[in-house]
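Beneath this line is the structure, given in structure tokens, with notes to follow.
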Amino acid sequence: MNNNLSHQIIQKIKNVLGGLSQPIPLHEPHFSGNEKKYLENCIDSRYVSYIGEYVKQFEENLCKQTQAKAALAVVSGTAALHLALKIIGIESQDEVLLPSLTFVATANAITYCGAVPHFVEVDENTLGVNPEKLDDYLSTIIDLQSSQCINKVTGRKIKALIVVHVFGHPVDLDSLFAICQKYGIELIEDSAQALGSEYKSRPVGNVGRIACLSFNGNKIITTGGGGALLFQDIELANKAKHLSTTARVVDNQFFYHDQIGFNYRMPNINAAIGCAQLERLDIKLKLKRKLASLYIQEFINIDEVKIFQEPNYAKSNYWLNTLILNDPSLENVKNLLNELNSNNILARPAWSLMHHLPMYMKNPRMDLAISEKLFNSIINLPSTAELVENA
Ligand SMILES: *Cc1c(COP(=O)(O)O)cnc(C)c1O
């Protein structure tokens with residue numbers, strides 16, 4: 001990448017963010033609402049662990065926000081994914097489909113179940129799983145005569161697809177859901193980055209049987225650490241709640257547990273922060289979209305790069321703003337990252353693709369040329385909503 005272009009890019013970012021007199025992180029948490037007040041209430045009440053009013057309130061507010069029938073707050077997004085897979089019956093040696101372009105937690109949650117992550121291709125226009133390619137691929141590896149969804153190549157059952165709304169941009173949920181129905185596999189939404197995003201005017205998190213959220217410090221809202229599962233089916237939610245609280249049977253005075261459960265429930269302290277953060281989500285979403293439109297405008301006249309824009313069926317939360325290089329090259333990504341970082345713009349690359357990591361290199365996968373291309377063209381720019389609070 002020539003020097004001139006990187007200087008041009010830095011100038012454009014400066015136009016959006018201002019001075020750059022100090023390092024601007026990729027994404028920072030903000031606590032400008034009722035966080036301290038609710039935390040104090042929480043400590044005063046001594047209900048600091050997972051029994052408490054804030055947990056209940058946080059779950060109710062999440063349902064309102066996402067139009068889910070039930071929500072279960074847990075200790076992390078990773079725990080939410082693990083629990084979701086357990087609840088729908090993922091077992092040892094099952095296969096679960098997922099994109100290679102995701103955060104490692106998606107693949108790890110599958111592995112925690114003893115199941116095998118199987119990587120599928122994404123679409124350049126959505127950054128999420130490509131429906132047409134998925135359908136073509138499945139039709140070649142699955143025996144359609146059988147009532148079960150068996151991978152002819154490995155002999156294992158393919159039980160689920162986890163879709164990821166990458167950087168907050170919704171995947172094409174209807175098309176992907178139709179494919180899952182056709183082959184008899186479950187759909188789970190990894191919505192860790194997508195709270196507040198909409199697909200065809202509906203909040204994401206409603207299409208599969210379960211969607212998972214994360215409230216880690218770098219997500220659009222945070223509880224310190226935390227996650228949640230969203231359900232349309234109350235019975236499934238109750239099953240998840242039971243499993244998340246050591247599978248303790250509470251209608252009996254003894255400590256009796258009817259299966260191997262987990263200690264995954266979100267503590268009241270974290271939920272207190274979450275309640276305050278959720279109150280400001282709508283404000284944040286407005287700021288996020290304003291920041292995105294500023295970036296988009298600035299870069300509209302540069303031929304060599306563009307800012308990724310939401311798919312036309314979606315209204316995205318723009319959790320991260322993504323610069324796409326038109327000429328994909330790892331060298332260019334590295335050089336530009338170095339230039340940006342040394343100018344106080346703490347830009348970051350996409351995650352290393354899952355099939356490049358030592359533990360997932362030998363896993364089943366389809367052709368991932370577009371995933372590779374995207375990895376070699378993505379640079380994420382500072383995206384904290386409050387950067388444009390006073391703009
Ligand atoms: C953050 C994230 C997770 C994991 O959430 P944690 O709360 O960090 O465990 C899972 N999947 C995706 C896509 C994420 O971005």
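The values are calculated or read from the model by the stated rules, or taken from the named source; none is laboratory data. What you see is a predicted model, and the numbers here were worked out from it, not measured in a lab. When we count neighbours, we look across all protein chains shown, and the Cβ atoms used for this are built from the backbone with ideal geometry, even at glycine.
Within region 289-301, not a single residue is outside any loop (DSSP other than H, G, I, E, B), within 16 Å of the ligand (Cβ to nearest atom) and buried (at least 19 other Cβ atoms within 10 Å of the Cβ).
Of everything in region 30-59, what is within 28 Å of S383 (Cα to Cα) and surrounded by 13 or more Cβ atoms within 10 Å (Cβ to Cβ)? Give them in sequence order. If the condition is that a residue be within 28 Å of S383 (Cα to Cα) and surrounded by 13 or more Cβ atoms within 10 Å (Cβ to Cβ), then H30, F31, G33, N34, E35, Y38, L39, F58, E59 are the ones that fit.
Does L26 meet the test of being at positive phi and surrounded by 13 or more Cβ atoms within 10 Å (Cβ to Cβ)? Spelling it out, it is not the case that L26 is at positive phi and surrounded by 13 or more Cβ atoms within 10 Å (Cβ to Cβ).
Within region 260-275, not a single residue is aliphatic (A, V, I, L, M) and within 15 Å of the chain's Cα centre (by Cα). When only residues in region 152-179 that are within 14 Å of E95 (Cβ to Cβ) and in contact with a Leu (Cβ under 8 Å, 6 or more places away or on another chain) count, which is nearest to the ligand (Cβ to nearest atom)? Restricting to residues being within 14 Å of E95 (Cβ to Cβ) and in contact with a Leu (Cβ under 8 Å, 6 or more places away or on another chain), the top hit is I162. Within region 241-258, the set of residues being in a loop (DSSP other than H, G, I, E, B) and surrounded by 10 or more Cβ atoms within 10 Å (Cβ to Cβ) comprises T246, A247, V249, Y256.
Cβ separations smaller than 9 Å between residues 6+ apart or across chains give the following pairs from region 34-56 residues that are under 20 Å from N263 (Cβ atoms) to residues that are among the aromatic types (F, W, Y) and assigned to a helix (DSSP H, G or I): C42/Y54; Y47/Y54; Y54/Y38.
A quick yes/no check of all residues on (1) more than 27 Å from the chain's Cα centre (by Cα); (2) within 16 Å of the ligand (Cβ to nearest atom); (3) under 30 Å from E339 (Cβ atoms):
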{"position": "L20", "(1), (2), (3)": "yes, no, yes"}
{"position": "K37", "(1), (2), (3)": "yes, no, no"}
{"position": "V74", "(1), (2), (3)": "no, yes, no"}
{"position": "A79", "(1), (2), (3)": "no, yes, no"}
{"position": "A84", "(1), (2), (3)": "no, yes, no"}
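Would you call E189 among the charged types (D, E, K, R), on the phi < 0 side of the Ramachandran plot and surrounded by fewer than 21 Cβ atoms within 10 Å (Cβ to Cβ)? Spelling it out, it is not the case that E189 is among the charged types (D, E, K, R), on the phi < 0 side of the Ramachandran plot and surrounded by fewer than 21 Cβ atoms within 10 Å (Cβ to Cβ). The set of residues in region 331-374 that are in contact (Cβ under 8 Å) with a residue 40 or more places away in the chain, under 30 Å from D135 (Cβ atoms) and not in a helix (DSSP H, G or I) comprises A350, W351, L353, L357, N363, P364, R365, M366, D367, L368. No other residue among G224, G217, G274 is within 18 Å of H30 (Cα to Cα), within 14 Å of the ligand (Cβ to nearest atom) and outside any loop (DSSP other than H, G, I, E, B) apart from G274. Among the residues that make up region 235-242, is at least one of them out of contact with any strand residue (DSSP E or B) (no Cβ under 9 Å at 6 or more places or on another chain) and more than 13 Å from the ligand (Cβ to nearest atom)? For region 235-242, residues out of contact with any strand residue (DSSP E or B) (no Cβ under 9 Å at 6 or more places or on another chain) and more than 13 Å from the ligand (Cβ to nearest atom): present.
Scanning region 102-127 for residues that are among the β-branched types (V, I, T) and more than 14 Å from the ligand (Cβ to nearest atom), we see that the one that is farthest from H82 (Cα to Cα) is T126.
Can we say K159 is touching a residue at least 60 places away in the same chain (Cβ under 8 Å), in a strand (DSSP E or B), of a type outside the set (A, V, I, L, M, F, W, C) and surrounded by fewer than 23 Cβ atoms within 10 Å (Cβ to Cβ)? Yes: the conditions hold for K159. Restricting K12, K69 to residues that are at pLDDT 95 or above, surrounded by fewer than 16 Cβ atoms within 10 Å (Cβ to Cβ) and either touching a helix residue (DSSP H, G or I) at 6+ places or on another chain (Cβ under 7 Å) or basic (K, R) (or both) narrows the list to K69.
Identify, please: which residue in region 86-101 is away from the ligand (no atom under 11 Å from the Cβ) and assigned to a loop (DSSP other than H, G, I, E, B) and is, among those, surrounded by the fewest Cβ atoms within 10 Å (Cβ to Cβ)? Restricting to residues being away from the ligand (no atom under 11 Å from the Cβ) and assigned to a loop (DSSP other than H, G, I, E, B), the top hit is S92.
Screening region 190-214 for residues that are within 24 Å of S32 (Cα to Cα) and in a loop (DSSP other than H, G, I, E, B) and picking the one that is farthest from the ligand (Cβ to nearest atom) gives G196.
Filtering region 127-138 to residues that are in contact with an Asp or Glu (Cβ under 9 Å, 6 or more places away or on another chain) and surrounded by fewer than 22 Cβ atoms within 10 Å (Cβ to Cβ) leaves P131, E132, K133, Y137. Residue count for region 40-56 under the criterion of being at pLDDT 95 or above and closer than 19 Å to N238 by Cβ: the result is 2.
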